[in-house]
Amino acid sequence: MSLIFGVAIYFVIWWVLLFAILPWGVRTSEEVGAASDPGFADSAPHKPKLLAKVIATTIVSGIVFAFIYAIMVHHIITLDDIPFFPRYDPVQKAP
């Protein structure tokens with residue numbers, strides 16, 4: 001796996017997990033018991049804690065990336081291990 005490919009895979013994993021982690025622990029001002037600020041939607045988070053979510057996303061992304069890296073580099077799972085993929089006869093080179 002090249003460095004650029006690894007960074008691209010990590011970037012995609014990071015963004016997907018960020019959007020999965022963003023809703024964790026979100027509470028509106030009404031749920032907290034505070035007054036909603038004028039000009040903000042009633043459903044806006046009271047304190048979104050974005051730094052903690054970015055750190056959690058980075059840690060979880062590192063774990064997921066390590067798992068995917070191990071699968072790709074060490075060939076833990078190959079395409080032949082996936083049962084629903086078609087099987088083809090090996091191509092023989094012409095003499």
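Restricting attention to the stretch 19-70, the residues that are free of Cβ contacts under 8 Å to residues at least 40 places away in the same chain, surrounded by 15 or more Cβ atoms within 10 Å (Cβ to Cβ) and assigned to a helix (DSSP H, G or I) total 4.
Taken residue by residue, the stretch 18-29 has at least one member that is at pLDDT below 95 and over 30 Å from GLY62 (Cβ atoms). Taking the stated definitions as given, is VAL73 surrounded by 10 or more Cβ atoms within 10 Å (Cβ to Cβ), modelled with pLDDT under 95 and either over 12 Å from the mean Cα position of the chain (by Cα) or of a type in the set (A, V, I, L, M) (or both)? It is true that VAL73 is surrounded by 10 or more Cβ atoms within 10 Å (Cβ to Cβ), modelled with pLDDT under 95 and either over 12 Å from the mean Cα position of the chain (by Cα) or of a type in the set (A, V, I, L, M) (or both).
Can you say whether PHE85 is part of a helix (DSSP H, G or I) and not charged (D, E, K, R), as far as the supplied structure shows?
Considered against the rule, which asks whether it is part of a helix (DSSP H, G or I) and not charged (D, E, K, R), PHE85 comes out as no.
Scoring VAL73 on the criteria (1) under 19 Å from SER2 (Cα atoms); (2) touching a residue at least 12 places away in the same chain (Cβ under 8 Å); (3) in contact with a helix residue (DSSP H, G or I) (Cβ under 7 Å, 6 or more places away or on another chain) leaves a single failure, condition (3).
The values are calculated or read from the model by the stated rules, or taken from the named source; none is laboratory data. Small disclaimer: the values here were computed from a predicted structure and weren't measured. Please note: Cβ atoms are built from the backbone with ideal geometry, for glycine as well, and neighbour counts cover all protein chains shown.
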